[in-house]
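What follows is a short report on a single structure.
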Amino acid sequence: MEEASTSVPLTILSRLREMFPGSHVSTCRKMVTDGRVALQGVRVRSVNTPVCQGQVVTVEDAQPQSRLAGAEIIYSDSDILVYAKPPGVITSTTRDETRPTLIAELEKRVDRDVPGSSIYLVHRLDRDASGLLIFARNVKALASLKMQFRRHTITRRYVAWVHGNPAPAGELNDTLVENATGRMLLRPDGKPARLYYRHIKTAGAYHLLEVELYTGRKHQIRVQCAQHGFPVAGDRVYGKADGQKRLLLHALELVINHPHSGHRMAFRSPLPTDFQPRKPSPPALHRPVDRRKKPRK
């Protein structure tokens, strides 16, 4: 943390050049656009912001690049924000969570663009899955989207590479319950879980399915597919060790009624480049060891 008090009227840019001698103007501008510079504890938006005598300028340390780098905002307006989440990123969790979460990152981003903006969590996506998530930008939009989820008027389509031998198409109806460790189980006293799937293609020992969710239980696709004999590739919790680098589950399409206009809107996330099953490595070839004694020279 760098800190200094000004003695003469300056701009933020001038003060940064004093605090970091030899730095380029572009570097100072990036400090501001990245939201790292504050005047009297309030984040500044422009390098031309005046700095009066006695005021304190602080610059936060640069944060390491997160796994969100390169991720994409698919659509944003004053009511909703649709985001393409990369695999390995937590959507949201408890206040004590120290790992980066998607909603925390988005809150920083939208507040940086429009001070005072908010992001509201509508639904989640498994940490190791990729694809579309929708967030509300205000309370009314949040209520509308939550109601659409409850009434099952939102369409959610996923694609998943699976093992086993699934039928060409099918509907899975189960009841799921969460145990003390957070694992989902099929039990008669659980909540209804319903999905539809159809087979798209086969690649070696793997099958690509398109899955449409009717309900939205935690880990639903992974649990139901595994329990019905075709676990999702790369699933280390409900599946099996198969050498995949990631969970091969992707939220492909999201169709909603816009909370304000009511218009039907469809969003689609292209498949990531790594969304392909890896072929199992061939067994290593070992040469037989010649244990015969060699003649002495």
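Is there a residue being more than 24 Å from Gly116 (Cβ to Cβ), surrounded by fewer than 18 Cβ atoms within 10 Å (Cβ to Cβ) and not assigned by TED's automatic domain parsing to the domain that holds Val110 anywhere in the range 30-44?
no
In this structure, does Val223 turn out to be touching a Ser or Thr at 6+ places or on another chain (Cβ under 6 Å), surrounded by 14 or more Cβ atoms within 10 Å (Cβ to Cβ), among the β-branched types (Val, Ile, Thr) and touching a residue at least 12 places away in the same chain (Cβ under 8 Å)?
Here the answer is no, as Val223 does not meet what is asked.
Please list, ordered by first then second residue, the pairs with beta carbon atoms under 6 Å, 6 or more apart or interchain, first in the range 227-244 and in the same structural domain as Pro168 (by TED's automatic domain parsing) and farther than 16 Å from Phe275 by Cα, second of a type outside the set (Val, Ile, Thr) and surrounded by fewer than 17 Cβ atoms within 10 Å (Cβ to Cβ).
Final answer for the pair search is Gln227/Leu186; Gly229/Gly164; Phe230/Gly164.
Taking the range 214-262 on its own, how many of its residues are outside any loop (DSSP other than H, G, I, E, B) and more than 23 Å from Tyr120 (Cβ to Cβ)?
Final tally of qualifying residues: 11.
For the range 61-117, how many residues meet the condition of being under 18 Å from Leu249 (Cβ atoms), at pLDDT 80 or above and in a loop (DSSP other than H, G, I, E, B)?
Of the residues in that region, 5 qualify.
The values are calculated or read from the model by the stated rules, or taken from the named source; none is laboratory data. Note that the structure is predicted; figures quoted are calculated from it, not measured. Neighbour counts are summed over all protein chains in view; Cβ atoms, including those assigned to glycine, are modelled from backbone coordinates with ideal geometry.
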